[in-house]
Every structure is written in structure tokens, then in C-alpha cells.
Ligand code: E4P
């Protein structure tokens, strides 16, 4: 499973990439706005830091606007994947952009029917939002499992990108479901590495080593 960072913060991206386990990045208008930097230099820097795909989202709501913006975003760097929302116009834009060789991540997916249509339209990635479903007392992971099953049944090549991940259990369950990618905040990536028994074990090893060294 690929790991993407769900952030537009270049310090977090540099740190994640330096660890060597970050394959890509997803952004959205909220994450970009949080950085309080001009859009173009920010996303150019992100694309230069991240080794793999970087999702940049359109803000237009209509088909023509999404296609125009998508083409402009795709020119920024070869690793840009255009993000379009899962609306009727968004599906049309996915069909048009993917037909022209531009890769699209279809975002704000909340149902298996939306995901089926997105795959048929030619999306490179589908982004089911787990956390936001959990927030309204729906089991977000059920959606990931359903999409993986439907895509497997028909051999769709659209990759399932588990999004709106809030905790390590989301990552484990997405991996068990067979999601191709999990995108997560930097804090969740840090949680994935940690275990108290690792810290306790390490302390004991070093204490024992220091005691023994002192005897010689
Ligand atoms: C990623 O592509 C999404 O924009 C992101 O995961 C949304 O996460 P949130 O629900 O925590 O805002």
C-alpha cells in the first residue's frame, strides 16, 4: 500500500520524504489555504519535494471550468494529479481530462455508486472519505471495502485512495481492505511508527548495556 501525506505543509513533506516511506501527497483547498502562501510557488515546491503523485484540486464547479483549471494544474509538474469533485460535472471533467492523458483523483466520494461511475469515467484514483463518514455515524471503512470489491469484480484499474484518515486503525483497516493508497496527516504517520514496548525495550537494552560496560 502506498502512503501519501495529506498536507500542503512543506516542512512536514520534507520530513516525511526524508524518512523514506512517503510515496505521494494529497492537498485540497482547505489545506492550501492553511499555509497562507501564494498558490503557485507553494505547489511547485510541493511537487519538487514529493517523489510521487501530488493531487491538486480544482475550485471550479462547472465542467468547462474544471477542464480549464485541470489542464493548467497538470502543466505545473509531471507528478501532478488533478483532483475533481464527485459531481455530475466532475464526472464529465474526469472523462474529458483522462481522455487527454491527464490523471485525475476524484474526490469527496461517499458512496459505492459514485465510485463505480468514477471508475467508468476513467479516474486514476478514487478518494472515499472515511473520517467524514465516521463523523456522521456511518462506518467509513465499509465504503472502502465495497469499492475494493466492486473494482476487483470488474478489473477496474482506478486506484482506491483511502482519504480523510484520522487514526492508525484507519490505516490498518484500509490496508486489510486492499486500498492501493492511504493518505494521512503527518501526525498519523508519526503514530504509525510508535509503540510503547519499543521504547521500553530500547531503554532496557541500553540500561543493561551500560551496567555491563561499567563492570569492565
Ligand atoms: C484528501 O484527499 C482529502 O482532502 C482529505 O483526506 C480530507 O480529510 P479531512 O476529512 O480530515 O479533512
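Quick look at the values:
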read-out: Condition check for residue 104: surrounded by 15 or more Cβ atoms within 10 Å (Cβ to Cβ) and away from the ligand (no atom under 14 Å from the Cβ); value: no
read-out: Every residue from segment 164-191 that is under 21 Å from residue 11 (Cα atoms) and touching a strand residue (DSSP E or B) at 6+ places or on another chain (Cβ under 8 Å); value: 164, 165, 182, 183, 184, 185, 186, 189
read-out: Filter result for residue 136 (within 14 Å of the ligand (Cβ to nearest atom) and farther than 22 Å from residue 84 by Cα); value: yes
read-out: First in segment 154-167 and within 16 Å of residue 25 (Cα to Cα) and at pLDDT 95 or above, second anywhere and within 7 Å of the ligand (Cβ to nearest atom) and part of a loop (DSSP other than H, G, I, E, B), Cβ under 7 Å, 6 or more apart; value: none
read-out: Members of segment 13-47 that are in a loop (DSSP other than H, G, I, E, B), closer than 23 Å to residue 162 by Cα and either without any contact (Cβ under 8 Å) to a residue 12 or more places away in the chain or more than 16 Å from the ligand (Cβ to nearest atom) (or both); value: 20, 21
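The values are calculated or read from the model by the stated rules, or taken from the named source; none is laboratory data. Keep in mind that this is a model prediction, so the values were computed, not measured. Every residue, glycine among them, receives a Cβ derived from its backbone with ideal geometry; neighbour counts consider all protein chains shown.
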